[in-house]
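Report on one structure; see the data block that follows.
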Amino acid sequence: MRTTSNPVFRQLPRQEGSGYANFGSGVAGAGQMTQQAGQYPQYPQYQQAPATRAMTIDDVVTKTAITLGVLALSAIISYGLTDANNALAPLFVYGSGLIGFVLVLVAGFARKMDNPVVVLSYAVFEGLFVGAFSFIFTNIEFGGVGGKPLIAQAVLGTFGVFAGMLVVYKTGAIRVTPRFTRMIFGAIVGILVLIVGNLIASFFIDGGLGLRDGGPLAIIFSLVVIAVAAFSFLVDFDAADQLIRAQAPEKAAWGVALGLTVTLVWLYTEILRLLSYFNND
């Protein structure tokens, strides 16, 4: 049984066996992704109540659309508020970002990933983070560049990568194997270690290790992060596909939506950061 790089999926139902399904097939398959700090515990058996309807791809699409819609609305409000009052930007980035992170931990470790209140609360706070983060990276007063067109480019790039990896998964161009999963997990851990190391080094050295200063090394690092996020979609598509094959309950789609949203946000922020490097004169 393959596991996932997305911590949100860690407590979702498991299907015994290793069948390979087609994400997006409606009856037999559906995909899931999301990533930012990977863990790969096994999926426990889920005792489904007789009256519980099994999850379908339509449930995944609907719940994900609702979650992303709430996040987008919250991000727009956050951007407008920070534009009117720049002092709110750090509060939203650090405060809302921290709350969003805590909610992901609650979803994963307290087995609340199928709770719509937790999922939508995450969408609200993460939206506040995304809006303020976008403002900082595009507003000249914060050293940002590119303006609103840069945000549009990052959004298009994010969903372009997602769509591309979905095609790769459906066509079977890259098979999700245990070895592939371990490689993605190792890459995510390595990225986290480097980010933390760069942050600590920045307290003593101007620019830290050079991973976020906009230089050649920073550009290479962002490209690597984007690539790992993209390939982690494949692992999570496969994991979610197996949930549908295992007839997980309909409410499990909320956990899938949360996982997809987590990875999409990670990918968006990294693409926006990379674009800001290229637009920085």
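The values are calculated or read from the model by the stated rules, or taken from the named source; none is laboratory data. These numbers come from a predicted model, not from an experiment. Please note: Cβ atoms are built from the backbone with ideal geometry, for glycine as well, and neighbour counts cover all protein chains shown. Note: accessible area is taken over every heavy atom of the protein model, side chains too, but ligands, DNA and RNA are not part of it. Shrake-Rupley method; radii C 1.70, N 1.55, O 1.52, S 1.80 Å.
Worth pointing out:
- Surface calculation, 1.4 Å probe, protein heavy atoms: residue 62 sits at approximately 70 Å² accessible.
- Modelled label reach - residue 83, point 7 Å along Cα→Cβ, the stretch 151-168 residues with backbone N closer than 19 Å: 151-156
- The stretch 172-281, accessible area per residue, ligands and nucleic acids excluded (1.4 Å, Å²): 42
- Averaging Cα coordinates gives a centre for the stretch 106-125 and one for the stretch 58-95; these two points are 16 Å apart.
- The mean sequence separation of alpha-carbon pairs under 8 Å and at least six residues apart, normalised by the residue count of the stretch 149-281, gives a relative contact order of 41 percent.
- Residue 276 accessible area, assembled protein chains, probe 1.4 Å, Å²: 10
- Among the listed pairs 148/170; 63/148; 170/251, those with a Cα-Cα distance over 31 Å are 148/170.
- Note on residue 245: accessible area approximately 90 square angstrom, rounded to 10, probe 1.4 Å, nucleic acids and ligands left out.
- Extension gain, residue 73-residue 278: 0.36 nm per intervening residue step, less the Cα-Cα distance, totals 71.0 nm.
- Only alpha carbons enter this Debye calculation for the stretch 225-281, each as an equal point scatterer, and the log10 of I(q)/I(0) it gives at q = 0.20, 0.24 Å⁻¹ is -0.76, -0.93.
- Taking only protein heavy atoms and a 1.4 Å probe, the accessible area of the stretch 130-277 is 71% carbon and sulfur.
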